[in-house]
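Below is one structure, written out as C-alpha cells; the observations come after it.
Read-outs throughout are calculated quantities, based only on the coordinates presented, and are distinct from any laboratory measurement. Fair warning: this is a prediction, and the values are worked out from it, not measured in the lab. Here the Cβ is made from the backbone with ideal geometry for all residues, glycine too, and neighbour counts use every protein chain on show.
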Amino acid sequence: MAIILGENRYGKAEVRVFRVTRSGDTHEVLDLNVTVLLSGDFTATHLTGDNTQVLTTDAMKNTVFVFSHEYGAMEPEAFGLLLARHFVSTQSHVSKAEVRIEKFDWDRIISKGKPHPSAFRKSGSMTRTATALVCRDGAKTQDFIVGGLNDLVILKTSKSEFRGFLRDKFTTLAETTDRIMATEVCARWRISASESLRLDHIDWAKNFLNTVDTMLGAFAEHHSHSLQETLFLMGERVLSNHPEIAAIRLSLPNKHHFAVDLSAFERENHNEVFIAADRPYGLIEAVIERDDPKTSSASSGSAVAHTWPAW
C-alpha cells in the first residue's frame, strides 16, 4: 500500500500588526492578529525538499505589514479579503488562501469630560474575528467571508428556567423555574459572494454590529426553557434578519450560577445570593443554517462543506 501526501497547507501565524492613522492631533488605532494559510501545489517540498514553490512565511508577514501601511485602517473582513486575493493572484500554484484575523478594540480615554484624541484603553472581553477565503478553480476564483466573535460574556437574571429533563440514577440537579442564565458566546457566520451579493459592497462594520445586536436582542427577550432553545433562537433571528448570512455556528458554555444555601444561618435565599462556578460547565454547540442544498453543510460530501474555511 502506497503512502501519499494528503491535504496540506502552510503559512504565517499570528502576525501582530498595530496601525496608527493620524489626522492632526486625532488618532485612530487598529489592532490586529493576522494568520495567513496557503494551499496548493506544495508536493515537492514535502517529498523531496525542493522549495522552489515555497513562498516564505517571512514574506507573508511582510506582506501584512506593507498592506497595512499602504491601505490604512480597514475592517478585518476587507483586509483579509485583500490579502487572500493577493496571494492567489500572484502565486499561480496557490489554489486557496485563507486569512484569519482577530481584531482587538480600544476605547478612547475620557479626559476632562471628553474623549481624548490620542489616549486609549483596551475595551472589554469580546474579540472580533474574521476569516477571508479565496479559492481558485481554473481561471475562476470564489470569495468567502466568515465573520465572528469570541468571548462575548452575557447574562440575564430572569426569563430562564430548566425543568422536565431526563433523570437517571445519577441525576441530582433540581428543577428550576427561575435561574440566572450566563454564557460566553463564540460565534461564526458565513457569507459567500454571488451574482446578487458582492463582498466588496458590504459595510462590514455595520454587518458586524447589527449581527451582534440581533443575537443580544434574541438572548435578552426570549423566555428560555433551555440554553439549546436560546441558542437556536439566536441563530434563527440572525438568519431571518440578515439574508446575506448563509449559516451561523454558535458555541455557548453554560456559566452556572448556583443559589447559596443560607439555611444554616436561619436565612432564606430568594435567588439573591449565588456562587459563580467557573468549571465544570455545560457546553452547547450547533450550526443554524438555511434549508438550501446549495449552501447547506449538513452533508459532509458537499462541495460547499469542504470549501468553507474551518469555523
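For a test of the definition: using alpha carbon positions, the gyration tensor, and the 1.5 limit on a/c, classify segment 148-311 as rounded, prolate or oblate. Since a/c reaches 1.5 and a/b is larger than b/c, the shape of segment 148-311 is classed as prolate.
Distance between the pseudo-spin-label points of A139 and L262 (7 Å out from Cα toward the beta carbon): 7.6 nm. Considering only A174, A218, A259, the mean-square fluctuation computed in a Gaussian network model of the chain, springs between alpha carbons under 10 angstrom, is largest for A174.
If you run the Gaussian network model on the chain, springs between alpha carbon atoms under 10 Å, then out of A205, A73, A247 the most flexible one is A205. Helix 57-71 and the longest principal axis of the C-alpha atoms of the chain enclose an angle of approximately 80°. Overall shape: oblate for segment 119-192, with the ratio a/c of the largest to smallest alpha carbon gyration tensor axis at 1.5 or above and b/c at least equal to a/b. Within the shell of other residues whose beta carbon sits under 14 angstrom from the beta carbon of N51, the net charge comes to -3, with Lys and Arg scored +1 and Asp and Glu -1. Note on K12: lysines with a C-alpha under 16 Å away, same-chain residues under 8 apart excluded, are K61, K96.
Which of the three applies to segment 1-138, rounded, prolate or oblate, going by the alpha-carbon gyration tensor with a ≥ b ≥ c and a/c under 1.5 meaning rounded? Because a/c hits 1.5 or more and a/b exceeds b/c, segment 1-138 counts as prolate. Think of each Lys and Arg Cβ as +1 and each Asp and Glu Cβ as -1; about the Cα centre, that makes the dipole of segment 148-311 roughly 280 debye. Any chance you could give the angle, 0 to 90 degrees and rounded to 10, that helix 204-221 forms with the longest Cα principal axis of the chain? Between the helix axis and the principal axis of the chain, the angle is about 20 degrees. Against the chain, whose longest principal axis is taken from its Cα atoms, helix 76-90 shows a tilt of about 30°. If you take all other residues with their beta carbon under 13 Å from the beta carbon of L262, and give Lys and Arg +1 and Asp and Glu -1, the sum is -3. The label-point distance for S251 and E14, in a model that sets each label 7 Å from Cα toward Cβ, rounds to 1.6 nm.
Each Lys or Arg adds one and each Asp or Glu subtracts one; over the other residues with Cβ under 10 Å from the Cβ of V64, this totals +3. Peptide packing: for 46-57, 220-231, the average count of neighbouring Cβ atoms within 10 Å per residue gives the ranking 220-231, 46-57, highest mean first. Here the sum of -39500 (n - 2.57) over DSSP H runs of 4 or more residues, divided by the residues of the chain, equals -7500 deg cm²/dmol at 222 nm, to the nearest 500.
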